[in-house]
Structure formats: structure tokens, C-alpha cells
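*Asks:* What follows is a structure written as C-alpha cells; I'll ask about it next.
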Ligand SMILES: Nc1ncnc2c1ncn2[C@@H]1O[C@H](COP(=O)(O)OP(=O)(O)OP(=O)(O)O)[C@@H](O)[C@H]1O
Ligand SMILES: [Mg+2]
């Protein structure tokens, strides 16, 4: 497998960036990849949450707090970058560096209203819109979710995954017990699905596919459709 660099970014705080970064790193490690975790947020939440895994995956997990050009030559198969809730220089460089920028959004105006700036920043780095997919966090049956979904489809934002809220996730993440206690299958499955979709998206982008729907098509669904023909 070729190297995958994923950044997790939204200027809005508290939308689930670090949680996604931690779980993606964990899945990559459990699936026998080496991981370079880069924590660009001075709060160091990502670094702290990786504490336990750092002990266990001593030889396959490296954690640092700066992103450098030379990281492109890092030996790890996965680079996971957790960004601070801003669009300052570090975040801009992460957009430039990463193959995929995962953008978690809650069903509220604040996490959706600033996305235009981020996409134009990405455009300056020559990134395709399909390289910055949204990940919906906690989209339910509320009116606000309906409005947020409408806004997302009107603006043509790509969507990679829907992550439901689970009350034990904050405990597992903040206590650094992601791997040791494990997330129960039901809450873990959407993150595994996101991981698989990122791998597939990077492969497709590598072959020159940029169409949003094609890049983020669920591989299994696509395969099943093909099988029916
Ligand atoms: N799927 C989820 N289910 C339940 N709680 C979640 C989920 N994802 C994140 N949270 C919780 O929401 C809160 C904010 O999450 P997190 O710290 O990952 O956001 P963030 O975007 O990284 O925040 P910041 O901008 O401050 O860095 C945390 O308490 C976290 O445990
Ligand atoms: Mg964070």
C-alpha cells in the first residue's frame, strides 16, 4: 500500500477532529501499519490521547508536534495530522501536505459556515474539492440536521461518512483507552468504514479520478452494482 497522509481540520472547535484523528491512527496501527501522528494543536489533546498506544505500539507509532516538508519521506504508511481549530499557517500547510483533509461537521451553522474559506485555501494549493470531504458527526432526525443536510447538498460539498454520537466515546478517548478497552463494535464500525473509504479514495485519486461521487463511492456498494450487471 502506498503512503496516506490525512489531516483532520475545521476552523470550528469541538466538532470531533481529535476523536477522528485518534481512532484513524488506532485502526491503522491495529491493521499493522506504521503511523506518524502529527499534533498541530497546542492543546496537545491528540498527543495525550495517544499515550497508551504509544507504549504499546512502541515501534510503529511516532508522535510529533510539527509538520515538515521532510515528513513526505517518512517511512510510515500512515500520517495522521490533527489540526487546531483555525486556518492559520499550520493548518494551511496541512491542507497543502495531506492527500485527504477530513472535515468533521456538526449539524450547526457554525461548523458549516466557514467552509468556503477552507475550500478556497485548498484550491490555491491545487487540491480538488473531493480531497476535502465532510464527515457528519451526530446528524440525527432533528430539524437542524435537516437544514444542515440541505446546506451541504446545495453547496455540493463531498461527504465521506456519517458518525453517530456515542456516549462512551469521550471516556475512551480522553482516558487514552481507545485501544486498550476498544470501542464497542457499533460505535467503531463507522470509523472503520471511514478508514476504508479514505484508502479507496486515495487509490482512486491516484488513478486520476476526481469526481466527488466517484471518489467517495462506497466500494462495497460499487462492487455489488458491478456484480449485478
Ligand atoms: N462520535 C462521538 N460521539 C460522542 N462524543 C464525541 C464523538 N466525537 C467527539 N465526541 C466528543 O466531543 C468532544 C469534542 O471532540 P474533539 O475533542 O474530538 O473535537 P475537536 O474538534 O478536536 O475539538 P478542538 O477544536 O477543541 O480541538 C469531546 O468531548 C469528544 O469526546
Ligand atoms: Mg482537537
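*Asks:* Any idea which residue in region 10-21 is farthest from ligand 2 (Cβ to nearest atom), counting only those that are outside any loop (DSSP other than H, G, I, E, B) and touching a strand residue (DSSP E or B) at 6+ places or on another chain (Cβ under 6 Å)?
*Replies:* Of everything passing the filter in region 10-21, 20 is farthest from ligand 2 (Cβ to nearest atom).
*Asks:* Does residue 7 qualify as being closer than 19 Å to residue 191 by Cα, modelled with pLDDT of 95 or more and either more than 8 Å from ligand 1 (Cβ to nearest atom) or assigned to a strand (DSSP E or B) (or both)?
*Replies:* The answer is yes for residue 7.
*Asks:* Something else: Does region 70-88 contain any residue that is at pLDDT below 95 and in contact with a helix residue (DSSP H, G or I) (Cβ under 8 Å, 6 or more places away or on another chain)?
*Replies:* No - not one qualifying residue is present in region 70-88.
*Asks:* Also: Would you confirm, using the coordinates I've provided, whether residue 58 is surrounded by fewer than 17 Cβ atoms within 10 Å (Cβ to Cβ) and within 27 Å of residue 162 (Cβ to Cβ)?
*Replies:* The answer is no for residue 58.
*Asks:* Kindly check whether there is at least one residue in region 34-56 that is within 26 Å of residue 130 (Cβ to Cβ) and more than 16 Å from ligand 1 (Cβ to nearest atom).
*Replies:* Scanning region 34-56, I find at least one residue that is within 26 Å of residue 130 (Cβ to Cβ) and more than 16 Å from ligand 1 (Cβ to nearest atom), so the answer is yes.
*Asks:* Let me confirm something: among 104, 42, 75, which residue is in a loop (DSSP other than H, G, I, E, B), within 25 Å of residue 197 (Cα to Cα) and touching a residue at least 24 places away in the same chain (Cβ under 8 Å)?
*Replies:* Testing whether each residue is in a loop (DSSP other than H, G, I, E, B), within 25 Å of residue 197 (Cα to Cα) and touching a residue at least 24 places away in the same chain (Cβ under 8 Å) leaves just 75.
*Asks:* Can you tell me which residue is surrounded by the fewest Cβ atoms within 10 Å (Cβ to Cβ) among those in region 76-94 that are farther than 17 Å from residue 35 by Cβ and away from ligand 1 (no atom under 16 Å from the Cβ)?
*Replies:* It comes out as 89.
*Asks:* How many of the residues in region 119-149 are in a loop (DSSP other than H, G, I, E, B), more than 16 Å from ligand 1 (Cβ to nearest atom) and without any contact (Cβ under 8 Å) to a residue 40 or more places away in the chain?
*Replies:* 4
The values are calculated or read from the model by the stated rules, or taken from the named source; none is laboratory data. Fair warning: this is a prediction, and the values are worked out from it, not measured in the lab. Counting neighbours? That spans all protein chains shown, and the Cβs are built from the backbone with ideal geometry, glycine included.
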